[in-house]
């Protein structure tokens, strides 16, 4: 009969009292097994082993000899997968069956780890026969579970080793002897069935679940597998949904209640499916139970929020088919899945629901901080999401959050108040909101500037002058060098000696050559001036106001020099190639002109310097009007409401009203900072 301690121990921490453990100094003891005997045991040859044993002058005790790692002869035979030698050793020294090495592994651990299913079956059978024969004489004789559930230093049973190695035959032999073994957790908190599911081993999972279900004799002693069977309180289904849909379906058929179990973070398997966007697994789980869709995790996130956070728009669409009210699910911050998608910059989710009723219902919903989806998009400077939200007629851009800020207020705060590139998302968002009817919150502009420290000079702004000057001067010097060398290597060459005009250009009489010379001269002059101005703009000894002026003029000269150089290249290529091949010359000329037109169509490189220069704050509004009309085809922007200028001269006397020309100036005054402003138009 089995001992009470062995029968009543918790499944996750099985009793090992019946299996002797080595002394603390066993791992440090010198090996007592001779090399010849170890080689014979590893070979698995019984005759060779017997000869080595008889030839050993020390006449070793089979129960006592061990290697440096504490492995007995039975350990060696089990690890090598030698059932015949193991049987011989068990007949001669049956006490080796419960022996432990330095890692507290029994021979059954090593046999399962090596996948030696015959040795596993032999050891299990030997222990069963020995315990049954001694049960009548000793009531406290160890049961079979004392062997199969013995744990090593890692707290793992032999089944853990068999599952880790993928040895199904060894696992089958172990579970046949102990059907509840599949649910015991090891030292890392993993049960064998969880390990199999996490590794994606479908055959192993089927074997373990089938063995567990077929055990009906001692059901009260078996662990509940749907409780903590993995680290972090994860169940086997949590691991299966991430690896195999077929495995997921099998586990749901085996134990449907797994779909409701949560881990330590409060996440159900549906949360895990939403995190990877597995739509087939989603349908499998919802086919068994739909209630987990309404279960939030410890952070208040529902599965639809997880899908939005990861950007899986199609999975959210499937959830909305099952749960039409999923847009009403709010997290701990009062945010719906549109807020979550916008916060994590998942524009595909917003795009997926464009034009749907779900988006219109969520569009103007405020979270606990009063922020709508538009507020969050502006905070994140997400140009794509802002354009998608503003394309919906139901959007209300003038909602004020708990801080008293509208979306336009946030855009002004997010825009760089110093030098910045005009195609930065913050600048484009500011223009988009201003031109589509968004307004600032009703407050005095001077209070707004003082409250948020807008337009204050900083050392970081002065560093921009130095960095930009260093970058631009490379291009200006390059243009100067190329255009200077072009004067002495003119296309077509020079007239040779002996001619009245010796040394003059051969193609001087052609109109295109003269145009080339003019374009090259303009490029050289512009780049040289830009280089000189950039030298002063990058110097820390120059006053910031003068540095700003030099920077502004150098950028204009740089743009003109670049365009002139492109024109010079086009004219030079045409004048040289046109006598040979008119087509090639024309193609090169047109390509160069196309490049020139692209550079002309680009917005200015730098935006306004604070309280000094207002360099085309709103460039090319007609191009923006065309874009906005295509986006808002249902409500086209009228010509009379569009600004008729490329530059705005800000004046402190301009009233704040509903007139776009008036309040746009006020907006840009806030963006640039208070003070005197010079119009660069």
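Scoring 525-534, 463-472 by mean Cβ neighbours within 10 Å over their residues and listing the highest first yields 525-534, 463-472.
Rounded to whole Å, the principal axis extents of the Cα atoms in the range 389-471 read 47, 29, 17, largest first.
Peptides 237-245, 96-104 ordered by packing proxy, namely the average of other Cβ atoms within 10 Å per residue, highest first: 237-245, 96-104. Applying 0.36 nm per residue to the separation of residue 344 and residue 246 and subtracting their alpha-carbon distance, the gain on full extension is 32.1 nm.
Taking N as the residue count of the range 300-444, its C-alpha radius of gyration divided by 2.2 N^0.38 Å amounts to 1.03. Mean silhouette area of the range 530-586, derived from the convex hull of its C-alpha atoms and averaged over all directions, reads 4.3 nm².
Sorting 299-305, 484-490, 363-369 by average packing, meaning the other beta carbons within 10 Å per residue, from highest down gives 299-305, 363-369, 484-490. Each of residue 451 and residue 420 was given a label point 7 Å from its Cα along the Cα-to-Cβ line. The distance between the two points is 2.0 nm.
Shape class for the range 350-430, computed from the alpha carbon gyration tensor (a ≥ b ≥ c): oblate, with a/c not under 1.5 and a/b at or below b/c.
Projected label points at residue 253 and residue 43, each 7 Å from Cα along the beta carbon direction, are separated by 5.1 nanometres. Per residue, the Cα convex hull of the range 227-349 amounts to 90 Å³.
Per-residue extension of 0.36 nm, minus the Cα-Cα distance of residue 462 and residue 368, leaves a gain of 29.9 nm for this segment. The range 506-559 gives an Rg/Rh value of 1.26, both radii derived from C-alpha positions and Rh following Kirkwood. Treating r as the C-beta distance of residue 129 and residue 291 and R0 as 51 Å, the FRET efficiency rounds to 0.50.
Could you work out how far apart the two model spin labels at residue 361 and residue 384 are, taking each label as a point 7 Å from the Cα in the direction of the beta carbon, and quote it in nm? Between residue 361 and residue 384, the label points sit 2.6 nm apart.
All of the numbers you see were taken from the coordinates with simple rules; none came from a lab. Model, not experiment: these values are computed from the prediction. Using ideal geometry, Cβ is built from the backbone for each residue, glycine included, and neighbour counts are taken over all protein chains shown.
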